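The values are calculated or read from the model by the stated rules, or taken from the named source; none is laboratory data. This is a predicted model, so every value here is computed, not measured. Reconstructed Cβ throughout: ideal geometry from the backbone, glycine too, with neighbour counts over all protein chains shown.
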Amino acid sequence: MPISVLESRLYKDMFGSERMRAIFNDEATIARYTEVEVALAKVQGELGVIPKEAAKAIIQHADSSKLDYDLLKQETEIVGYPILPLVNQLAKICGPQGEYLHWGATTQDIMDTGAVLQVRAALEVIESELETLDGILDALAEKYRDTPMAGRTHLQHALPITFGYKAGIWLLMIRRHRERLQQLKPRALIGQLAGAAGTLASLGKDGLAVNEALMKELGLGSSPIAWHVARDGLIETVQFLGLVTSSLGKIALDIMLMMSNEYAEVFEPFVKGRGASSTMPQKRNPISCELMWAAAKSVREKASLGLDAMMQDFERATGPWHLEWSVIPEAFILTAGSLAQANFMLAGLEVDTERMRRNLDITSGLIVAEAVMMGLAPHIGRQTAHDVVYDACRKAAQSHRPLADVLGEDQKVSERLNQAEIAALCDPQNYLGSAPQMVDRVRAFRPD
């Protein structure tokens with residue numbers, strides 16, 4: 001019975017995705033190990049390291065679907081690793097020629113290279129989801145380029161922005177993550193064949209040639225030296241996933257707050273019953289956002305464990321390597337789940353532009369106090385203007401009157417600015433700065 005949300009029949013598709021789980025499940029993992037063993041035999045046969053007949057037999061008969069998984073589990077628990085039990089079974093399946101299976105390799109070579117093959121497939125999923133999210137955010141930024149809303153700092157009204165500007169900030173993060181993904185591939189997608197202590201001694205003079213041929217066969221990069229205990233390539237990938245999910249968590253936090261009744265500016269897509277309460281019929285909870293926020297915290301934990309796993313002893317490690325066995329699959333599954341939630345939620349996001357405008361006006365002009373200060377500054381100096389507007393803001397807030405009315409009664413202001421000029425300065429629509437142009441710039445931004 002599953003005890004993890006990543007495997008639970010109830011929760012697994014809320015926190016993950018079937019496509020990503022299929023990359024890391026037991027059958028897929030063992031199939032990758034088998035793929036590496038077969039590829040190794042193939043290139044060794046071509047190089048004359050093992051008999052061609054042996055290579056041919058291994059290519060023809062080594063099939064992970066023919067394995068006894070109960071026996072594999074039992075022997076893995078005894079050995080501590082699945083490769084020796086796997087090789088024993090595959091060798092029997094291949095007959096006498098199976099004696100040439102796993103020639104010159106060590107357990108970690110096969111497991112590391114198999115893991116890299118899984119990471120490559122998993123990154124393709126992440127890449128596809130990020131591309132989809134990019135398009136969704138780009139469309140939001142374009143559609144709401146000029147839609148004014150309150151910009152908030154320290155959870156309080158600061159200055160007017162546009163909703164397209166907010167979406168543009170989200171878009172910038174995703175575009176940079178797409179760039180990071182391309183940059184990390186050459187460092188992460190590197191196979192491993194180094195032998196017991198990393199020197200390829202068991203393959204003699206053929207060691208480096210076999211290594212190069214195997215990586216070419218698998219479509220992976222080749223390392224100039226063993227990376228048995230140099231785990232930065234794989235762990236960089238986990239840190240990348242931490243960055244992605246944290247950005248998604250930031251988006252989720254924004255939307256959760258904006259969904260609150262006091263703001264009511266955006267809402268997750270309406271699906272009957274989604275986000276409902278068992279006791280409060282009026283509730284419409286931010287379910288996707290909550291899952292994205294939880295995923296960000298969970299993947300951050302995996303990223304931290306990954307860093308711990310990098311501190312390995314001597315030429316082959318003791319326990320730290322084992323951390324990766326859970327860290328890497330779980331981080332990918334959680335990230336895929338978070339991206340799926342983000343794409344669903346943002347693609348159907350309901351945006352209430354009228355409520356955004358009403359919220360923009362709830363302080364009766366206080367949100368554009370800076371605009372008034374800057375309009376008054378050429379006449380009386382910036383600091384003096386600051387103090388005059390500050391006092392006017394206090395008076396307007398305490399008396400619950402529009403800032404424009406209070407300013408019009410202040411002789412220091414009315415002697416320099418007429419009522420129409422004051423009204424124009426107090427209109428948030430007139431103080432969007434370069435927000436719309438920034439949206440254009442970020443939409444045109446394509447990292448190389």
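Checked against (1) under 14 Å from the mean Cα position of the chain (by Cα); (2) modelled with pLDDT under 95, GLU262 passes all but condition (1). Residue count for region 177-217 satisfying the condition of being among the basic types (Lys, Arg) and either farther than 25 Å from VAL49 by Cβ or in contact with a helix residue (DSSP H, G or I) (Cβ under 6 Å, 6 or more places away or on another chain) (or both): 4.
Taken over region 29-74, the residue count meeting the criterion of being closer than 21 Å to ALA115 by Cβ, in contact (Cβ under 8 Å) with a residue 40 or more places away in the chain, touching a helix residue (DSSP H, G or I) at 6+ places or on another chain (Cβ under 6 Å) and not aromatic (Phe, Trp, Tyr) is 10. Exactly one residue out of GLY164, GLY191 is within 30 Å of ILE328 (Cβ to Cβ) and either surrounded by fewer than 17 Cβ atoms within 10 Å (Cβ to Cβ) or touching a residue at least 40 places away in the same chain (Cβ under 8 Å) (or both), and it is GLY191.
Of the residues that make up region 201-221, is at least one among the hydroxyl-bearing types (Ser, Thr, Tyr) and assigned to a loop (DSSP other than H, G, I, E, B)? Give the steps one after another, and end with the answer.
Within region 201-221, the subset among the hydroxyl-bearing types (Ser, Thr, Tyr) is 202.
If we keep only those that are assigned to a loop (DSSP other than H, G, I, E, B) too, we end up with none.
For region 201-221, residues among the hydroxyl-bearing types (Ser, Thr, Tyr) and assigned to a loop (DSSP other than H, G, I, E, B): absent.
Residue check: GLU35 meets all listed conditions (1) over 30 Å from VAL210 (Cα atoms); (2) modelled with pLDDT of 95 or more; (3) of a type in the set (Asp, Glu) but one, namely (1). Kindly provide the set of residues from region 303-333 that are buried (at least 16 other Cβ atoms within 10 Å of the Cβ) and within 17 Å of ASN25 (Cα to Cα), ordered by number. Those that are buried (at least 16 other Cβ atoms within 10 Å of the Cβ) and within 17 Å of ASN25 (Cα to Cα): LEU323, GLU324, VAL327, ILE328, PRO329, GLU330, ALA331, PHE332, ILE333. If only residues of region 391-447 that are farther than 30 Å from ARG145 by Cβ, assigned to a loop (DSSP other than H, G, I, E, B) and among the basic types (Lys, Arg) are counted, the one that is modelled with the lowest pLDDT is ARG416.
Can you spot a residue in region 352-364 that is within 30 Å of ALA139 (Cβ to Cβ), in a helix (DSSP H, G or I), at pLDDT 85 or above and of a type in the set (Ser, Thr, Tyr)? Spell out how you get there, then give the answer.
Kept after step one, since they are within 30 Å of ALA139 (Cβ to Cβ), are these residues of region 352-364: 352-362.
From what is left, the residues that are in a helix (DSSP H, G or I) are 353-360.
If we keep only those that are at pLDDT 85 or above too, we end up with 353-360.
From what's left, of a type in the set (Ser, Thr, Tyr): 353.
Yes, region 352-364 contains a residue that is within 30 Å of ALA139 (Cβ to Cβ), in a helix (DSSP H, G or I), at pLDDT 85 or above and of a type in the set (Ser, Thr, Tyr).
Of the residues in region 375-383, not one is out of contact with any Phe, Trp or Tyr (no Cβ under 7 Å at 6 or more places or on another chain), in contact (Cβ under 8 Å) with a residue 12 or more places away in the chain and either closer than 29 Å to MET256 by Cβ or hydroxyl-bearing (Ser, Thr, Tyr) (or both).
Within region 239-249, does at least one residue satisfy the condition of being assigned by TED's automatic domain parsing to the domain that holds MET311 and not in a helix (DSSP H, G or I)?
Of region 239-249, the ones assigned by TED's automatic domain parsing to the domain that holds MET311 are 239-249.
Now narrow it down to the ones that are not in a helix (DSSP H, G or I): none.
Among the residues of region 239-249, not one is assigned by TED's automatic domain parsing to the domain that holds MET311 and not in a helix (DSSP H, G or I), which makes the answer no.
If the condition is being farther than 30 Å from PHE163 by Cβ and either under 15 Å from the mean Cα position of the chain (by Cα) or not in a helix (DSSP H, G or I) (or both), then region 121-137 contributes ALA122, LEU123, GLU124.
Any idea which of ARG180, ARG145, ARG176, ARG187 is in the same structural domain as PHE267 (by TED's automatic domain parsing), at pLDDT 95 or above and part of a loop (DSSP other than H, G, I, E, B)? Show your work before the answer.
Working: ARG180 fails: part of a loop (DSSP other than H, G, I, E, B); ARG176 fails: part of a loop (DSSP other than H, G, I, E, B); ARG187 fails: part of a loop (DSSP other than H, G, I, E, B).
Sole residue among the options that is in the same structural domain as PHE267 (by TED's automatic domain parsing), at pLDDT 95 or above and part of a loop (DSSP other than H, G, I, E, B): ARG145.
Tell me, which residue of region 278-314 that is at pLDDT 80 or above and assigned to a loop (DSSP other than H, G, I, E, B) is farthest from ASP13 (Cα to Cα)? Among residues in region 278-314 that are at pLDDT 80 or above and assigned to a loop (DSSP other than H, G, I, E, B), the one farthest from ASP13 (Cα to Cα) is PHE314.
Residues checked against (1) hydroxyl-bearing (Ser, Thr, Tyr); (2) free of Cβ contacts under 8 Å to residues at least 24 places away in the same chain; (3) surrounded by 22 or more Cβ atoms within 10 Å (Cβ to Cβ):
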{"site": "ILE174", "(1), (2), (3)": "no, no, yes"}
{"site": "ALA197", "(1), (2), (3)": "no, no, no"}
{"site": "VAL244", "(1), (2), (3)": "no, no, yes"}
{"site": "TYR263", "(1), (2), (3)": "yes, no, no"}
{"site": "VAL266", "(1), (2), (3)": "no, no, yes"}
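For region 10-47, taking the residues that are polar (S, T, N, Q) and part of a helix (DSSP H, G or I), the one that is surrounded by the most Cβ atoms within 10 Å (Cβ to Cβ) is identified as GLN44.
Put simply, of GLY348, GLY337 the only residue that is farther than 27 Å from SER4 by Cβ and in the same structural domain as ILE287 (by TED's automatic domain parsing) is GLY348. Residues that are in contact (Cβ under 8 Å) with a residue 40 or more places away in the chain and aromatic (Phe, Trp, Tyr) were ranked within region 309-334; the one that is nearest to SER298 (Cα to Cα) is PHE332.
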